[in-house]
Amino acid sequence: MNVVKAIAVNTFKEAIRNKILYSLIFFALVMMGVSLVLDQATVGQRNKIIKDMGLASINLFGVMIAIVVGIGLVSKEIEKRTIYTLLAKPVHRAQFLIGKYLGIVLTLGVETLLMTFFFFLLVWLYGGGIDLVLLKAIFLIFIEISVVAAVAILFSTFSTPFLSGMFTFSVYVIGHLTEDLNRIASSSENFALEKLTAFFYYLLPNLENFNIKGEVVYHLPLAPGKILLSASYGLLYIGFLLVSSAAFFQKRDFK
Amino acid sequence: MTPAIQIRHLTKRFRTGFWLKASTALSDLNLEVARGATFGFLGPNGAGKTTTMKLLIGVLHPTSGEAFLFGRSVREIAIKRGIGYLPESPYFYDYLTGSEFLYFYGQLFGMGSRALKVKIEMLFELVKLKGAEQVQLRRYSKGMLQRIGLAQALINDPKLVILDEPMSGLDPMGRKDVRDIILRLKEEGKTVFFSTHVLSDAEMICDQVGIIVKGQLRNVGRLEEMLNPKLKSVEVSVRGLPEGRVHALDPLSKSITTKGEESLISLQDEEALPQLIQWTEREGGKIVSIVPRRETLEDIFIEEMRGEAT
């Protein structure tokens, strides 16, 4: 456990010292841009728009950072060959991956926290008060970006950084369209297409599960147990990804 | 007692390129290194030295064959508690300071902070990096990185130290320091397995050497047994001889080269030496130096390489 912790802390340190958090400046700029547009809207609309745009931005930036950090922090160890001396120590390859993952999740957590703070500040400035229901949506966004980071790690264990980035982004996009895949599968007359879409529907994460942005902004009722269920789904999926990553990683040669 | 390193029929093939063409990096390597030995693993670039070392520390998996460290398979993670490894031209976490870096690696062995603090201070002293503890590794020079690399390999007080080209990229002072550290490890009874293509380094510190060429072990043994103790030649430098007279020595010598006033006469062995000295005195010349030349590691190495070429 100490080994995993040491690697996680080191990974977090790397992210911070390599100024990953500076990416938040872009988030702040986007949010300020949004607020400029808001001046054109009526008071009632303003609150909804700022909440909508804020959550969407937290989601988008979260995913982007998850992909960049998830891929960067694992492939860099391989590319810069720092992994040689690390694996020469009594460290299981699985411990290395889990440590890296936890360090990345810690980084994403801090990012999300800072974005949330800025978001709430803006909502409050525009007279929206402090709407704690929004936190539910942000919590699920955090689970979603943790899933995306695990996908990025999986690809990094056997592919180049560039390809891993492309793959991970594709999984993110398709992950939001899996319901459509399911619909294509059930309505298709073509046997091969039906099986293929069904395969992707079951294999890829259904990221729409983590999207309750509409519900919280418009205060619509959530299905009972929705948050708990989605979070458990996310954690299980992360577990599945990490086990697969460890299996690939175990076999890999570091030339 | 089981040897420190036992390599049995170790073979490694890589598949590279788009068509996954197979290339053999290491072919049926058998090798034993006794405990406490300082073993020099020699070979030209690309011979398979680094591949062997990576197989030993487990970053590569063998295609076939097996390797054991202190009688236990290299696949066991626990054996790494007793091993230190320095890769070739090392590169480390450049955002960490020297002391943070060593602290991190010490934690991987489950060492406590107090023990680590003492150990790190000692290591900075040993590798002569005192004063660079709080400097980020990105500001370290190549020589300093090599030194901190050596320090991280010793953080766990290993029984076996595996060093891949530890002298590369170092200035003459740095090379001497690394040599001294290896000799010190030897005195402490540790086994040192290191690779190099600089033969004079190996000759100075090894008691055993192995020569590897194109993935195959060509020659292995104790250095003093490998080197022929007989003289290879005696080189005598003479000056002040009348011009052209030196060629009277042709039947006596292997070769003669003249440069200005001085002639260098190479003799097959020392038997002809008294005759040469007498002759020189008679001719009014002066002996400047007499240098006996024994076989060196370089001669053996070049012989092995020649064998490969034919």
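The values are calculated or read from the model by the stated rules, or taken from the named source; none is laboratory data. All figures in this text were calculated on a predicted structure; none of them were measured in a lab. No Cβ is skipped: glycine too gets one built from the backbone with ideal geometry, and neighbour counts run over all protein chains shown.
Some points to look at:
- Within region B:111-129, residues that are in a helix (DSSP H, G or I) reach partners that are loosely packed, with under 11 Cβ neighbours inside 10 Å with beta carbons closer than 7 Å, at six or more positions or on different chains, in the pairs B:Phe124/B:Lys130.
- Condition check for A:Gly103: under 18 Å from the mean Cα position of the chain (by Cα), modelled with pLDDT of 95 or more and under 22 Å from A:Ala149 (Cα atoms): yes
- Residue tally, condition under 16 Å from A:Lys48 (Cβ atoms) and either surrounded by fewer than 21 Cβ atoms within 10 Å (Cβ to Cβ) or among the polar types (S, T, N, Q) (or both), over region A:103-129: 9
- Filter pass, A:Val110 being more than 10 Å from every other protein chain (Cβ to nearest Cβ), closer than 23 Å to A:Ser244 by Cα and among the hydrophobic types (A, V, I, L, M, F, W, C): no
- Count of residues meeting criterion [modelled with pLDDT of 90 or more and either within 14 Å of chain A (Cβ to nearest Cβ) or surrounded by 14 or more Cβ atoms within 10 Å (Cβ to Cβ) (or both)] in region B:9-25: 4
- Test result for B:Asn219, surrounded by fewer than 17 Cβ atoms within 10 Å (Cβ to Cβ) and either assigned to a strand (DSSP E or B) or within 14 Å of another protein chain (Cβ to nearest Cβ) (or both): yes
- Count of residues meeting criterion [charged (D, E, K, R), farther than 23 Å from B:Leu227 by Cβ and in a strand (DSSP E or B)] in region B:259-310: 3
- Only one of the listed residues (B:Val236, B:Val198, B:Val220) is assigned by TED's automatic domain parsing to the domain that holds B:Leu170 and free of Cβ contacts under 8 Å to residues at least 60 places away in the same chain. That residue is B:Val198.
- Answer residue from region B:41-55, given it is crowded, with 22+ Cβ neighbours inside 10 Å and more than 10 Å from every other protein chain (Cβ to nearest Cβ) and is nearest to B:Ala25 (Cα to Cα) among those: B:Gly48
- Filter pass, B:Gln146 being outside any strand (DSSP E or B) and either touching a residue at least 40 places away in the same chain (Cβ under 8 Å) or out of contact with any Gly (no Cβ under 8 Å at 6 or more places or on another chain) (or both): yes
- Some residue of region B:163-176 being surrounded by 16 or more Cβ atoms within 10 Å (Cβ to Cβ) and either free of Cβ contacts under 8 Å to residues at least 24 places away in the same chain or in a strand (DSSP E or B) (or both): yes
- Put simply, of B:Glu66, B:Glu133 the only residue that is surrounded by fewer than 18 Cβ atoms within 10 Å (Cβ to Cβ), in a loop (DSSP other than H, G, I, E, B) and touching a residue at least 24 places away in the same chain (Cβ under 8 Å) is B:Glu133.
- The one condition from (1) more than 7 Å from chain A (Cβ to nearest Cβ); (2) crowded, with 17+ Cβ neighbours inside 10 Å that B:Gly58 does not meet is (1).
- Meets criteria (under 30 Å from B:Phe14 (Cβ atoms) and either surrounded by fewer than 20 Cβ atoms within 10 Å (Cβ to Cβ) or modelled with pLDDT of 95 or more (or both)) for B:Ser73: yes
- When the residues of region B:74-101 are filtered to those that are touching a residue at least 24 places away in the same chain (Cβ under 8 Å) and assigned to a helix (DSSP H, G or I), the one that is nearest to the other protein chains (Cβ to nearest Cβ) is B:Arg81.
- Verdict on A:Ile7 being within 14 Å of another protein chain (Cβ to nearest Cβ), among the β-branched types (Val, Ile, Thr) and either in contact (Cβ under 8 Å) with a residue 24 or more places away in the chain or crowded, with 21+ Cβ neighbours inside 10 Å (or both): yes
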